[in-house]
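Here is the structure we will look at, set down as structure tokens.
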Amino acid sequence: ARSANATHEVINVTLHTTLAATTKLVVPTPAKPILPVQTGVQAQQEEQSSGMTIFFSLLVLAICIILVHLLIKYRLHFLPESVAVVSLGILMGAFIKIIEAQKLANWKEEEMFRPNMFFLLLLPPIIFESGYSLHKGNFFQNIGSITLFSVFGTAISAFIVGGGIYFLGQADVIYKLNMTDSFAFGSLISAVDPVATIAIFNALNVDPVLNMLVFGESILNDAVSIVLTNTAEGLTRENMSDVSGWQTFLQALGYFLKMFFGSAALGTLTGLISALISFFNLGDTRHIDLRKTPSLEFGMMIIFAYLPYGLAEGISLSGIMAILFSGIVMSHYTHHNLSPVTQILMQQTLRTVAFMCETCVFAFLGLSIFSFPHKFEMSFVIWCIILVLFGRAVNIFPLSYLLNFFRDHKITPKMMFIMWFSGLRGAIPYALSLHLGLEPIEKRQLIGTTTIIIVLFTILLLGGGTMPLIRLTDIEDSKARKRNKKDVNLSKTEKMGNTIESEHLSELTEEEYEAQYIKRQDLKGFMWFDAKYLNPFFTRRLTQEDLHHGRIQMKTLTNKWYEEVRQGPSGSEDDEQELL
């Protein structure tokens, strides 16, 4: 009996242990909390507030568009549009402040810049259009140099700025920040946005390699800076008190690599899928030939443009990195499978939307001087500017000398100096500074105020000094061209509206493609692999019949549009003859 009781007890204990372990294993993960849905009066108030915010944003954007139009009309081409829009935002912010002081209106909530609106609505079109524009020039010939500057150079700059702020704070020279907060600020302030510089480069016809190095680095640099800032934020949210410095570094490195390569792979995969869909759209079966209805084809491309951003953000990756690589891949492969009408629609629509988003961001950057609660410390601002310039120098000069060992087209000392000087900061550092969840509130205000000052310092001072610097360092070309300030056109909008990039509309036949790319002996590395295998697989080279059909389609659409204009209510034969 005792033996039976003992056996029974052992069985009970075993069952109890097994059930406990099993229960522990199958405990379901907590469900994702559902955000409360506002109803009734609260929902109505939220709708009214959102409506006023949208109205205020559109009003600011309309005023900025009128300003850009006046710059073009009165040929004030020496003034970059970004500088003009920021200055207008400052004046509008001062005017609103006066109105609020007189208690005539209250626009405090509407004029506040919302980081979520920036990252969800304004930034994706800007980044995608930038990636979609990298087809021109020699981006892929300089992909190694651009990647080194944008990834390793941005990391170097972030560590120098963040480390300098941390150690200066420990020495009680400036406001004290902990290591993760210092690195977060160093990461966000390392995002360069040389909009004014690129406009000057295009106007003065500088070395195309220099133009592509600065432009390509700025595009990839924005995404890298955002990933680095998110890495620092992730370390701040976690409890790292019981983790060594080496383990913290390895954890941050792993998080960065996951975000960078995972997001880049997702964007590349999405772009390649869109290329395959557009490729089979051109196939002999023509089951889903959207080329016959350009509006549907254009709609499909717009979906693929935003698709990687939403997917990447939904699975905790970087949407900005994903949409950037998707834009590059779609520009290189997908674009050439589209009908000529859709190609033109994509170019003009992306340009217009990106221009409106950029204009809105720069306007709110100027407004923030009066709408943002500030905390100003002179020593912190001065040391941050010094560290930013020094970090940019350590980024550009050593890496350029290193790259010259492997480049056929050398980066000259003059080019290095201009690249260092063109490290302007823009809207992304400002939005990232507002997105940081720093505590206490005075720390967040200090970071935001310092970021605004650095952005305005680089845009107004460095951006304004770029043209004299280029003329000073390249005197012979300036004399040869015999240009003066009135001849230089810095209006990006005017050039954007008056030109269609013909090289991005080219449709090569099989014979032309083979003669232009495959048989070239100067292609090396990725360019050779792309021309030999990737491009023929993801893009369909047209036959003479396809090319003839495309020309007929464009001619038919043009004639149809012309006939509709002739038959308009105000049209007449006399008007037509006068127009001709």
Output yes when any residue across the stretch 191-200 is under 17 Å from the mean Cα position of the chain (by Cα), hydrophobic (A, V, I, L, M, F, W, C) and at pLDDT 80 or above, and no when none is. yes
Checked against (1) under 30 Å from Ala354 (Cα atoms); (2) surrounded by 10 or more Cβ atoms within 10 Å (Cβ to Cβ); (3) at pLDDT 80 or above, Met112 satisfies every condition except (3)
Residue match in the stretch 401-418 (condition: under 28 Å from Asn230 (Cβ atoms), touching a Ser or Thr at 6+ places or on another chain (Cβ under 9 Å) and not aliphatic (A, V, I, L, M)): no
Please work out which residue is modelled with the lowest pLDDT, limiting yourself to the stretch 131-144 and to residues that are surrounded by fewer than 23 Cβ atoms within 10 Å (Cβ to Cβ) and within 28 Å of Ala232 (Cβ to Cβ). Leu134
Any residue in the stretch 412-439 that is within 18 Å of Ile126 (Cβ to Cβ) and assigned to a helix (DSSP H, G or I) sitting within a Cβ distance under 7 Å of a residue that is open to solvent by less than 20 Å² (accessible area, probe 1.4 Å) and aromatic (Phe, Trp, Tyr)? List the pairs, counting only those 6 or more apart or interchain. Ala427/Phe362; Ala431/Phe118; Leu434/Phe113
Selection from the stretch 314-329 of residues open to solvent by less than 10 Å² (accessible area, probe 1.4 Å) and small (Gly, Ala, Ser) yields Ser318, Gly319, Ala322, Ser326, Gly327
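Residues checked against (1) over 17 Å from Thr334 (Cβ atoms); (2) in contact with an Asp or Glu (Cβ under 8 Å, 6 or more places away or on another chain); (3) modelled with pLDDT under 75; (4) among the charged types (D, E, K, R):
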position: Ser218; (1), (2), (3), (4): yes, yes, no, no
position: Asp222; (1), (2), (3), (4): yes, yes, no, yes
position: Asn239; (1), (2), (3), (4): yes, no, yes, no
position: Asp242; (1), (2), (3), (4): yes, no, yes, yes
position: Phe261; (1), (2), (3), (4): yes, no, no, no
position: Arg286; (1), (2), (3), (4): yes, no, yes, yes
position: Ile302; (1), (2), (3), (4): no, no, no, no
Go through the residues of the stretch 404-419 one by one and say whether even a single one is farther than 28 Å from Thr154 by Cβ, open to solvent by 70 Å² or more (accessible area, probe 1.4 Å), modelled with pLDDT of 80 or more and out of contact with any strand residue (DSSP E or B) (no Cβ under 8 Å at 6 or more places or on another chain). no
Considering only residues that are hydrophobic (A, V, I, L, M, F, W, C) and buried (at least 18 other Cβ atoms within 10 Å of the Cβ), which ones fall in the stretch 79-89? Val83, Ala84, Val85, Val86, Leu88
Can you confirm whether the stretch 296-314 contains a residue that is of a type outside the set (A, V, I, L, M), outside any helix (DSSP H, G or I) and out of contact with any Ser or Thr (no Cβ under 9 Å at 6 or more places or on another chain)? no
Options Leu460, Leu456, Leu446, Leu469; residue that is within 30 Å of Leu235 (Cα to Cα) and either at pLDDT below 85 or touching a Gly at 6+ places or on another chain (Cβ under 9 Å) (or both): Leu456
Considering residues that are open to solvent by less than 50 Å² (accessible area, probe 1.4 Å) and hydrophobic (A, V, I, L, M, F, W, C), the number found within the stretch 40-69 is 8
Residues satisfying the stated conditions in the stretch 156-189, i.e. over 20 Å from Gln251 (Cβ atoms), free of Cβ contacts under 8 Å to residues at least 24 places away in the same chain and part of a helix (DSSP H, G or I): Phe167, Gly169, Gln170
Within the stretch 330-374, work out how many residues are open to solvent by 10 Å² or more (accessible area, probe 1.4 Å) and either among the aliphatic types (A, V, I, L, M) or not in a helix (DSSP H, G or I) (or both). 11
Given the structure, is Asp487 within 25 Å of Val86 (Cα to Cα) and at pLDDT below 75? yes
Test Val455 against the criterion of being among the β-branched types (Val, Ile, Thr), buried (at least 16 other Cβ atoms within 10 Å of the Cβ), farther than 29 Å from Cys64 by Cα and touching a Lys or Arg at 6+ places or on another chain (Cβ under 8 Å), and give yes or no. no
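The values are calculated or read from the model by the stated rules, or taken from the named source; none is laboratory data. Everything quoted here is computed from the prediction, not taken from an experiment. We place every Cβ from the backbone using ideal geometry, glycine too, and count neighbours over all the protein chains shown. SASA here: full protein model, heavy atoms, side chains in, ligands and nucleic acids out. Shrake-Rupley method; radii C 1.70, N 1.55, O 1.52, S 1.80 Å.
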